[in-house]
Amino acid sequence: MDYREVNHRKNDNPQLYESLKALPKIELHRHLEGSLRLSTLADIAREHQLDLPGYAVEDFRHLVQMVPEDEPDANVFISKFFTLRNFYQSPEIIDRIAYETVADAAAENIVYMELRFTPIALAREKEYAMSDAADWVIKAVDRAEADFGIDVRLIVSMNRHESVELGDEMVDIAIKNMDRGIVAIDLAGSENKFPGKPFEHVFAKARAAGLSITSHAGEWAGPESVLEAINVLGATRLGHGVRIVEDLDVVRLAQDRDITFEVCLSSNILSGVVDSLDNHPFRDLYAMGLRTTLNTDDPSVQGVNLTDEFVAASVEMGYSLDILKEQVINAAEAAFLPDDERQALLTRLQAEFYPESAEAPAESGS
Ligand SMILES: [Zn+2]
């Protein structure tokens, strides 16, 4: 399967697409900086006269999105984000992209989303304070939640290939904004070249303050990276984590620690982690009873949305509707929410997915 197939799921399976779009869904792993509408990028490019081959989407698509000519490769994938950093030209733009990202999620019936963002990525081009960039994101997300009836929490993501000092500063911003919807921190970036160990004290500080931990691991590096994320960083959820299947001892550790896997199917294909959905380790993770969830990662860079990922799991991997619902329930169980809010989310989903069993207690009580 290549990019073109990913992008054409809606056309190939219109009925299934619409029914899975209507299914209430949860997104635990989506990057704000990978969720930008291309039409918005065209507006920004034109208004700010950005240095691009042209200002129509087709003039610059290949610079901000994986296209058929691209080799499936981590460096090619990451290169898109370096181009995207040029687009963060004003506070209004940061507000707009955060607002639109939430709007787009609500439009495909994502009822709860944990949106991660990288303050330094948004702040660097115009040398904004990272705390200001975070503030603009928080306010835009608040507005969008109210306007579109979706529940959103935020995760502050830092890159391993950038300095620990920057990461430390981002954790302080996360801690300061815990009462405004920031619930966790994340480590992303070039996993194959940069270990997480230097960030140990930064993650310890976040945990001590009550933030939850997720980390990209087992994506572009192997099980040793997963082990580090769990044991050194204290991650309870893994971004991807799929290469854990290369070491059964680490699999057992993940089972013992009740780790949740934020699986992103098309991302793994486009960044060269796996060559096809037939060979995707999601199958193994699921078969081994690990807690899996389905996510997008970077919808606009990949040219997909969460509904596309569900269609792929259904059509190309053969998973039933019940198993897809199970992934949504798993995501609710792994949400970085207080117990009462997580339970309310679970109850709501159970009632929507299985209305008959929701009525059962009332019958047995009569
Ligand atoms: Zn990611």
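The values are calculated or read from the model by the stated rules, or taken from the named source; none is laboratory data. Computed from a predicted structure; not experimentally measured. Backbone-built Cβ (ideal geometry, glycine too); neighbour counts: all protein chains shown.
May I ask you to list the residues in region 277-312 that are assigned to a loop (DSSP other than H, G, I, E, B), closer than 19 Å to residue 333 by Cα and more than 15 Å from the ligand (Cβ to nearest atom)?
Narrowing region 277-312 to residues assigned to a loop (DSSP other than H, G, I, E, B): 280-281, 288-290, 295-296, 298, 303-305.
Still in the running and closer than 19 Å to residue 333 by Cα: 288-290, 295-296.
288, 289, 290 - these are the residues of region 277-312 that are assigned to a loop (DSSP other than H, G, I, E, B), closer than 19 Å to residue 333 by Cα and more than 15 Å from the ligand (Cβ to nearest atom).
Only a single criterion out of (1) under 16 Å from the mean Cα position of the chain (by Cα); (2) closer than 25 Å to residue 274 by Cα; (3) at pLDDT 95 or above is not satisfied by residue 104, namely (2). If you go through region 225-247, how many residues are of a type in the set (D, E, K, R) and either within 12 Å of the ligand (Cβ to nearest atom) or within 11 Å of residue 191 (Cα to Cα) (or both)? Result for region 225-247: 1. All of (1) in contact with a Pro (Cβ under 9 Å, 6 or more places away or on another chain); (2) in a loop (DSSP other than H, G, I, E, B) hold for residue 158 with one exception: (2). Looking at region 42-73 only, could you name the residues that are farther than 18 Å from residue 299 by Cβ and touching a residue at least 60 places away in the same chain (Cβ under 8 Å)? Listed by number, the residues that qualify are 71, 73.
Considering the conditions (1) in contact with an Asp or Glu (Cβ under 8 Å, 6 or more places away or on another chain); (2) under 19 Å from residue 232 (Cβ atoms); (3) in a strand (DSSP E or B), residue 153 is excluded by exactly one of them, (2). Considering region 86-118, the residues that are within 16 Å of the ligand (Cβ to nearest atom) and in a helix (DSSP H, G or I) include one that is nearest to residue 192 (Cα to Cα), namely 101. Residues that are surrounded by fewer than 24 Cβ atoms within 10 Å (Cβ to Cβ) and without any contact (Cβ under 8 Å) to a residue 40 or more places away in the chain number at least 2 in the following helices (runs of 4 or more DSSP H) confined to region 223-276: 223-231, 248-256.
Suppose the filter is more than 14 Å from the ligand (Cβ to nearest atom) and surrounded by 18 or more Cβ atoms within 10 Å (Cβ to Cβ); does residue 199 pass it? The answer is yes for residue 199. Close Cβ contacts (under 6 Å, 6 or more residues apart or on different chains) running from residues in region 160-189 that are within 23 Å of residue 297 (Cα to Cα) and away from the ligand (no atom under 16 Å from the Cβ) to residues that are outside any helix (DSSP H, G or I) and charged (D, E, K, R) comprise 181/153; 183/153.
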